[in-house]
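Asks: Once you've had a glance at the structure underneath, I'll fire off some questions.
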Amino acid sequence: MLTDSDVKRMSEEVQRHLINLIRIDTTNPPGNETAACEYMKAELAKDGLESEILESAPGRGNFVCRLKGDGSKRPLALASHLDVVPCERESWSVDPYAAVVKDGFIWGRGSLDTKSLTAIQMVTVAELKRKNIPLKRDVILLAVADEEQSGSFGMGWMTANHFDKIDCEYQINEGAGIGIPMGNKNVYQVQTAEKGANWFKLTTRGEPGHGSIPRKDNCVVRMAKAIEKVSHPLPMRKTKVVEGFINGMASKALGFPKGLLFKQLLNPALCGPVLKAIRSAEPDTGDMLSSMLRDSISPTMFHAGNKENVIPPKCEAVIDCRILPGQTSAGFKKMLSEMIDVDSIELLVEQVPDPTESPADTELYRCIERAIMKNDPKGVLVPYISTGATDSRFLRKKGVIAYGFSPFLSKVDFREFLYTIHGHDERIPIDGVDFSVRVTYDLVADFCG
């Protein structure tokens, strides 16, 4: 049980760690995560916690610390990543690596994604040690490299080479958890699944010639037709996690009649009109819901020719495909080959992430729900599928039940800060840190104690 003075002290500690971690530039590439690992190792050693740094390559450190339980239950891993995406310094209003504190925010690259999560998990493990809480499960603190690229120097490398050090029954990682006001409720999502990411290069070929004489086999025209075809939304496809999300939102948050209308997103005959109505009021929400309900294709790159008056012999395009649980990369490629007229479809990355999913009916999910209800009586919890990939996919493939849940509740409108992830002026409201501290500590102590 945390006292108010405990929370105040822990919150200040989280902020200090976050500021110091932001000031360690771990932009990927090249990464330099070892420097952040060394900071974590030194700080946790002050509380008598032993840890180790495992480098997948020079400078590409992965941090592991284990707080031992009695072994009667299998471990829980608290995971985050230390690398951050590049930024355009000239587009920021502050130095992105200075961790400026102003206007009620901590500003800096990684403040949301995910150095704040790292800091909260550090303090949670340290406090469990300080209070000498009896644990039935080991708590593994894991902070890895390379999430923002392929994960091959981070979680992918750890599961392939050192899984014995991080083997666990459950894992909590990034992916969801910010309280979103909806009517008189605050909706918290738990990422229980994520779409698979596949990048395909499409190629069309034809006879080259002078631009003044149009040709029927013009490769650019063929590619344009293929791109136009894949740009139409694919059919709606129900998945267990999205059914849980929509039904949960309808029954717990929206009420009647909005909830009844929202549930029609699962009705193939009414899904289109309901999405259209949502998009008219909230375009971003409508687009997100559409992506959750279907496999998606986004053309991202196009290249053909090198002279304005020459019909080229070859045209290439890249499409970003995100697939729901129940589909595979191989199956999606086969569907594409039957759908469009191109000469070749090539998978750009060999080890592409297929979609992954964990069940929501678990002891940990119920523990998360208790922690939310204890700290926010207006809170409701729903399962969620991420349209992007996280490191949880590597552990799910090892049989680990992995959730994305980083609890946060602020008086600041979430739109003011959430969309700065990977963008300019990334920042986190300081007023939400107390809530994160309370919920994270409560759920870990409850689940492992």
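Asks: Just for strands (runs of 3 or more DSSP E) wholly inside the range 338-445: which have at least 1 residues that are within 19 Å of the chain's Cα centre (by Cα)? If you could, list the steps in order and put the result at the bottom.
Replies: Working: elements: 344-347, 379-386, 401-404, 427-429.
Correct list: 379-386, 401-404, 427-429.
Asks: I need the strands (runs of 3 or more DSSP E) fully contained in the range 10-121, keeping only those with at least 1 residues that are over 23 Å from the mean Cα position of the chain (by Cα).
Replies: Result: 51-55, 61-67.
Asks: Looking only at the range 132-145, decide whether some residue is part of a loop (DSSP other than H, G, I, E, B), within 22 Å of the chain's Cα centre (by Cα) and at pLDDT 95 or above.
Replies: yes
Asks: OK, next. Quick check on my filter: what residues within the range 296-321 are in contact with a helix residue (DSSP H, G or I) (Cβ under 7 Å, 6 or more places away or on another chain) and among the charged types (D, E, K, R)?
Replies: Matches in the range 296-321: LYS314 only.
Asks: When both residues are 6+ apart or on different chains and their Cβ atoms are under 7 Å apart, which pairs have a first residue that lies in the range 176-195 and is assigned by TED's automatic domain parsing to the domain that holds TYR419 and of a type in the set (Phe, Trp, Tyr), and a second that is modelled with pLDDT under 95 and not in a loop (DSSP other than H, G, I, E, B)?
Replies: Listed pairs, sorted by first residue: none to list.
Asks: Moving on to the next point. Being in contact with a Ser or Thr (Cβ under 8 Å, 6 or more places away or on another chain) and not small (Gly, Ala, Ser) is the filter; apply it to the range 145-157 and report the residue that is surrounded by the most Cβ atoms within 10 Å (Cβ to Cβ).
Replies: GLU147
Asks: Sticking with this structure for a sec: List every residue pair whose Cβ atoms sit under 6 Å apart, with the two residues 6 or more apart in sequence or on different chains, where the first one lies in the range 423-449 and is under 30 Å from SER72 (Cα atoms) and the second, anywhere, is among the hydroxyl-bearing types (Ser, Thr, Tyr) and assigned to a helix (DSSP H, G or I).
Replies: These pairs meet every condition: VAL437/SER11; THR440/THR124; TYR441/THR124; VAL444/THR124.
Asks: Being surrounded by fewer than 17 Cβ atoms within 10 Å (Cβ to Cβ) and not hydroxyl-bearing (Ser, Thr, Tyr) is the filter here; which residues of the range 296-309 pass it?
Replies: Hits for the range 296-309 are PRO299, MET301, PHE302, HIS303, GLY305, ASN306, LYS307, GLU308, ASN309.
This table checks each residue for (1) free of Cβ contacts under 8 Å to residues at least 12 places away in the same chain; (2) touching a Pro at 6+ places or on another chain (Cβ under 7 Å); (3) crowded, with 16+ Cβ neighbours inside 10 Å.
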residue: MET40; (1), (2), (3): no, no, yes
residue: LEU44; (1), (2), (3): no, no, yes
residue: GLU50; (1), (2), (3): no, no, no
residue: SER56; (1), (2), (3): no, no, yes
residue: LYS68; (1), (2), (3): no, no, no
residue: GLY71; (1), (2), (3): no, no, no
residue: LEU76; (1), (2), (3): no, no, yes
residue: VAL85; (1), (2), (3): no, no, yes
residue: ARG89; (1), (2), (3): yes, yes, no
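Asks: Next question. Quick one: in the range 402-420, of everything that is in contact (Cβ under 8 Å) with a residue 40 or more places away in the chain and surrounded by fewer than 17 Cβ atoms within 10 Å (Cβ to Cβ), which residue is farthest from ILE372 (Cα to Cα)?
Replies: Residue satisfying both the conditions and the ranking: LEU418.
Asks: Just to be sure I understand, how many residues within the range 211-230 are in a helix (DSSP H, G or I) and either crowded, with 16+ Cβ neighbours inside 10 Å or β-branched (Val, Ile, Thr) (or both)? Show your work before the answer.
Replies: The first filter runs over the range 211-230 and keeps only residues in a helix (DSSP H, G or I), leaving 219-230.
Restricting the remaining residues to those that are either crowded, with 16+ Cβ neighbours inside 10 Å or β-branched (Val, Ile, Thr) (or both) gives 219-224, 226-227, 230.
Residues that pass the stated criteria total 9.
Asks: Any idea which of (1) within 17 Å of VAL342 (Cβ to Cβ); (2) at pLDDT 95 or above; (3) surrounded by fewer than 17 Cβ atoms within 10 Å (Cβ to Cβ) is the one PHE200 doesn't satisfy?
Replies: Looking at each condition in turn, PHE200 falls short on (3).
Asks: Now for a separate question. Of the numbered conditions (1) closer than 25 Å to THR27 by Cβ; (2) at pLDDT 95 or above, MET223 satisfies every one except a single condition; which is it?
Replies: Every condition holds for MET223 apart from (1).
Asks: If you don't mind, there's one more thing I want to ask. Of the numbered conditions (1) within 22 Å of PHE405 (Cα to Cα); (2) in contact (Cβ under 8 Å) with a residue 40 or more places away in the chain, ASP6 satisfies every one except a single condition; which is it?
Replies: (1)
Asks: Which residue, of GLU369, GLU357, GLU346, GLU426, is at pLDDT 95 or above and in contact with a Cys (Cβ under 9 Å, 6 or more places away or on another chain)?
Replies: Going through GLU369, GLU357, GLU346, GLU426 in turn, just one is at pLDDT 95 or above and in contact with a Cys (Cβ under 9 Å, 6 or more places away or on another chain): GLU426.
Asks: Same structure again: Test each condition in (1) at pLDDT 95 or above; (2) surrounded by 16 or more Cβ atoms within 10 Å (Cβ to Cβ); (3) within 27 Å of ALA389 (Cβ to Cβ) for PRO312 and report the one that comes out false.
Replies: The one condition PRO312 does not meet is (3).
Asks: State which residue is farthest from the chain's Cα centre (by Cα) when the search covers only the range 147-168 and only residues that are among the small types (Gly, Ala, Ser) and on the phi < 0 side of the Ramachandran plot.
Replies: ALA160
Asks: How many residues does the range 267-301 contain that are assigned to a loop (DSSP other than H, G, I, E, B), under 21 Å from VAL230 (Cβ atoms) and either touching a Phe, Trp or Tyr at 6+ places or on another chain (Cβ under 6 Å) or acidic (Asp, Glu) (or both)? Working first, answer last.
Replies: The first filter runs over the range 267-301 and keeps only residues assigned to a loop (DSSP other than H, G, I, E, B), leaving 267-270, 282, 293-295.
Filter once more, keeping what is under 21 Å from VAL230 (Cβ atoms): 268, 293-295.
Checking the rest, the ones that are also either touching a Phe, Trp or Tyr at 6+ places or on another chain (Cβ under 6 Å) or acidic (Asp, Glu) (or both) come to 295.
Here the count works out to 1.
Asks: Considering VAL241, VAL187, which residue is among the hydrophobic types (A, V, I, L, M, F, W, C), part of a helix (DSSP H, G or I) and touching a strand residue (DSSP E or B) at 6+ places or on another chain (Cβ under 6 Å)?
Replies: Answer to the check: VAL241.
The values are calculated or read from the model by the stated rules, or taken from the named source; none is laboratory data. Predicted, not measured: the structure shown is a model, and the values here were computed from it. We place every Cβ from the backbone using ideal geometry, glycine too, and count neighbours over all the protein chains shown.
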